[in-house]
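K.L.:
Submitted below is the structure of interest, expressed as structure tokens.
Coordinate-derived values only; no laboratory data. This structure is a prediction, so every number in the text was calculated from the model and none was measured. Cβ atoms come from the backbone with ideal geometry, glycine included; neighbour counts cover every protein chain shown.
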Amino acid sequence: NSSAADVQALTIGSTGHVTKTQQPYIRCAGNTGSMASNHGTGASYSNWANQVQTGITRSGATFTVPTAGNYLITYSFYNWMNNTGKGATHAVYLYKGSTLIQETVAEYDMGDNNYSYYDNQLQNSIVLNMAAGDTFYFFASADIYGGSTHTNMSAYLLG
């Protein structure tokens with residue numbers, strides 16, 4: 001029983017390639033060609049611009065999934081560090097709701113080199129089981145450059 005409002009959600013091509021046009025997915029890139037966050041000043045990271053979005057929504061720093069299942073979340077935050085030395089820990093934390101799920105941390109002892117701009121990246125991925133309506137976000141305490149080709153993330157429903 002079909003109607004004009006029906007949308008084909010699954011296609012299996014003659015070679016067996018499966019396309020799921022309604023699969024929940026989001027890809028975001030940094031939205032500022034400058035420092036988006038600083039070491040020692042922790043905050044929810046909201047400097048995103050949606051690149052591709054199907055089902056997963058974003059409001060500021062918070063992402064919401066529409067469907068229960070296992071989601072692959074990948075991310076890369078570009079460190080353009082002007083705060084280095086012993087004890088200068090640069091970190092991005094992935095939260096599911098209010099629960100810390102994953103830490104991505106680096107400490108670079110480059111001596112007393114303030115404003116020397118060393119380039120590095122905080123990258124990670126995880127498969128996270130979520131219920132419909134669950135949220136996730138990134139909390140940053142790092143010198144992060146928010147350029148569109150420098151800092152990015154994606155989330156995809158695996159099943």
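K.L.:
Set the Förster radius R0 to 25 Å, insert the Cβ-Cβ distance between Ala43 and Thr149 as r into 1/(1 + (r/R0)^6), and round the FRET efficiency to 0.05.
P.N.:
For R0 = 25 Å, the calculated efficiency reads 0.65.
K.L.:
Compute the Kirkwood hydrodynamic radius of the chain, taking the inverse of the mean of 1/r over all pairs of distinct Cα atoms, and give it in Å to one decimal. Kindly include the intermediate steps, with their values, before the conclusion.
P.N.:
On the way: mean 1/r = 0.0589 Å⁻¹.
By the Kirkwood definition, the hydrodynamic radius is 17.0 Å.
K.L.:
Continuing with the same structure: Just subtract the alpha-carbon distance of Asp119 and Ile12 from 0.36 nm times their residue separation and send over the number in nm, one decimal.
P.N.:
Using 0.36 nm per residue and subtracting the Cα-Cα distance, I get 34.2 nm.
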